[in-house]
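Asks: Below is the structure I would like to discuss, written out as structure tokens.
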Amino acid sequence: KASTGYIMPINTFTYISGEIKDRCDSDHTLTKHNGIDFAAPGGTPVYAAHSGTVSKLYSTMTRQCTTNDACTGDKEEGIGVAIDNGDGTTSYYFHFSKRESLVVGQHVEAGQKIGEVGNTGRTTPE
């Protein structure tokens, strides 16, 4: 899809820590990573990249679970949110330290604060 109407979800970041690509995990299993991870100081605001509807909330408080932990399902994402952009795409935002008070079905505008950078879920410690 064209990127019309999308904005950067974060204003300040140190570097891109994860790109859209195939990865080989510790079990030598090829997995897809269909997102971009931005490394930024904890607490940095995260904004909706596109207007849409909250379709799922992720609420696992586990911090920095690694491949050695039983880090499966929603534990990988930590605290986060999925937003249906209304154009056939969904944006996923994971690893928050804090999520704004959002509810499934709520409409959000592009640029609306939805959370803060954190390291919940499967992340690499700083």
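No lab work stands behind these numbers, since they all come straight from the coordinates. These figures come from a predicted structure and were not determined experimentally. Note that we place each Cβ from the backbone using ideal geometry, even for glycine, and neighbour counts take in every protein chain shown.
Asks: How high is the FRET efficiency from Ile7 to Val104, r the C-beta distance, R0 22 Å, rounded to 0.05?
Replies: 0.45
Asks: Would you please give the FRET efficiency between Ser59 and Lys113, computed as 1/(1 + (r/R0)^6) with r the Cβ-Cβ distance and R0 = 22 Å, to the nearest 0.05?
Replies: 0.80
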